[in-house]
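A quick write-up on the structure given underneath.
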Amino acid sequence: MMPKSKLYFLLLISLLAFGCKEKPHFGDKSLLVSDNGRFFSNGDGKPFFWLGDTGWLLFSRLNREETNTYLEDRKQKGFNVIQVMVLHDVAAKNIYGDSALVAKNVSIPVVTDKSDFKDSTAYDYWDHVDYAIDKAAEKGLYMALVPVWGTNVKEKKVNEAQAKAYAKFLADRYKDKWNIIWLNGGDIRGSDGLKVWNTIGETLRANDPNHLITFHPRGRTASSAWFHDSKWSDFDMVQSGHRRYNQDTSAKEKLHYGEDNWKYIEADYKLKPNKPTIDGEPSYEDIPQGLHDTREPRWNDADVRRYGYWSVFAGAFGYTYGHNSVMQMYKKTDLKPAYGPNDTWDIALNAKGATQMKFLKDLMLSRSYFDRVPDQTLVAGTNGEKYDRVLATRGEEYAMFYTYTGKTFSVQLGKTDGDDVTASWFDPRTGKTTVIGEFENKGIKEFNPPGDAANGNDWVLILDKV
């Protein structure tokens, strides 16, 4: 047995070491990469499950009252990250007619000198951005900001010198806001303007060391293809895109995964060093399959659930949802809306998929968090392909299986702790859990989900240690 004096000494050293540990810059509100490089945590060490919404045109399309309405709705629905373009294009103006830039030059933002103004309504484009960021902070929401959308760089409207000055402006303006995440890029390949993207990333990192940074890539690509080893990039992001299986056939695309967004996550998960990864843009609810032909069928709530559970169970640290009308803040007065939206943004806020996303977040936070790993060996026998694929994940004392079709599948027991397990069905549409019973934790067992097998009859099987 260890002498008491030595034990007390070791305890004292441990306490001193812990007490001397530098606190995160924004305290408990800081976002940090977990020690194992797979997840996010807050500054207090609690798990942070990213549940994002794409409010891309928030800054330019909504007024202040509408901004508050949108952010409050997303807060109430359980979202905690809003993905927004700072500049959709270099000619950007907001709903009040305020221009963001002088002569479309990102290195010269239009910033009003307020020293001579007593009228609180005398604000510019950047003050409106500030308002939205601060309002989001009041509601506990993080803002994932795309500095300038990718097409502007691809079309050479932004050079390296301009990019550096602009990124410095952004970093200086927002480095003290706790609720900022940087999404470099914007629906673009890293190879389209590589020097500019690295300049933005490096400048943000040098001038704003306390916020996380990644790159939002082109559809059917992953940021890791260009920036996994970049010192400025803290985590990886994929855009699995909006095409169905038989539309993903372009000879220009290296990867043909179709709707199997879990394959992007699986590929990122194998990279070294470990970095968290996420699907930052899967198919949006109510957007035409393939995007451009409005006569095509539309993705629905079942589809966005499938993308969410597939990617998270494959190892993602969170998920970003999107809706066709909300991402562009569609209004009936819009003359040329993109992708044929049906409902206005305020109506679309209550789309089925948007109301169901919180159940995914709540489920993942309901069990031990940082020990969770993807493990497809939990599925016994031959796994299905495409919609019949079962995705599995586990912690030390639980395992979860997602089936999109509700077909019968078999499970290899004994891969989690405990002599016995309690089995339950979790409904992704309602968030309700129904206990099936207790079983010995060994061998192979078949499970038959409720209802008839069909696309969209999705369920999560949960096995918990008794």
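If you take the square roots of the eigenvalues of the alpha-carbon gyration tensor of the chain and sort them as a ≥ b ≥ c, do you get rounded (a/c under 1.5), prolate (a/b over b/c) or oblate? Taking the square roots of the gyration eigenvalues as a ≥ b ≥ c, the chain is oblate.
With R₀ fixed at 30 Å, the C-beta to C-beta distance from residue 72 to residue 255 puts the FRET efficiency at about 0.20. Each label was represented as a point 7 Å from its Cα along the Cα-to-Cβ direction; for residue 376 and residue 103 these points are 5.5 nm apart. Protection proxy ranking for 235-243, 402-410, 93-101, using the average of other Cβ atoms within 10 Å per residue and placing the highest first: 235-243, 402-410, 93-101. What the phi angles of segment 285-292 give under the Karplus curve with 6.51, -1.76 and 1.60, with θ = phi - 60°, is a coupling list of 5, 6, 10, x, 5, x, 6, 8 Hz, glycine and proline written as x. Taking a ≥ b ≥ c as the square roots of the eigenvalues of the Cα gyration tensor, segment 189-273 is classed as prolate, since a/c reaches at least 1.5 and a/b is larger than b/c. With the convex hull drawn around the C-alpha atoms of segment 331-370, the volume per residue stands at 91 Å³. Farthest toward the positive end of the dipole of segment 308-445, out of 387, 360, 373, is the Cα of 387, where the dipole comes from beta carbon charges about the Cα centre. DSSP beta bridges confined to the chain are antiparallel in about 65 percent of cases. Calculated mean residue ellipticity at 222 nm for the chain: -8000 deg cm²/dmol, from DSSP H runs with n ≥ 4 weighted as -39500 (n - 2.57), summed, divided by the residue count and rounded to 500. Taking amide H positions as modeled 1.01 Å from N, with prolines and chain starts lacking one, the residues under 5 Å from residue 221 and 5 or more places away or on another chain are 239.
Residue separation of residue 157 and residue 96 scaled by 0.36 nm, minus their Cα-Cα distance, works out to 19.5 nm of gained length. DSSP assigns beta bridges within segment 137-256; of those with both partners inside it, close to 20 percent run antiparallel.
Calculated from the alpha-carbon coordinates, segment 375-465 shows an Rg and a Dmax of 12.1, 34 Å respectively.
Across segment 352-369, rounded Karplus estimates of 3J(HN,Hα) from the backbone phi angles (6.51 cos²θ - 1.76 cosθ + 1.60, θ = phi - 60°) give 3, x, 5, 7, 9, 5, 5, 5, 5, 4, 4, 5, 5, 8, 7, 10, 3, 10 Hz, Gly and Pro being marked x.
For segment 27-365, the Cβ-based charge dipole about the Cα centre amounts to some 620 debye (Lys, Arg positive; Asp, Glu negative; other atoms uncharged).
Under a plain spin-label model, where a point goes 7 Å from the Cα along Cα-to-Cβ, how far apart in nm are residue 272 and residue 427? Those two pseudo-labels are separated by 4.6 nm. Can you work out ³J(HN,Hα) from phi for every residue in segment 416-424, in order, using Karplus 6.51 cos²θ - 1.76 cosθ + 1.60 and θ = phi - 60°, giving whole Hz and x for Gly and Pro? Karplus values, whole Hz, x for Gly and Pro: 10, 5, x, 6, 9, 10, 9, 9, 9.
Read the figures in this text as sums done on the coordinates, not as results from a lab. Keep in mind the model is a prediction, meaning the values are calculated, not measured. Counting neighbours? That spans all protein chains shown, and the Cβs are built from the backbone with ideal geometry, glycine included.
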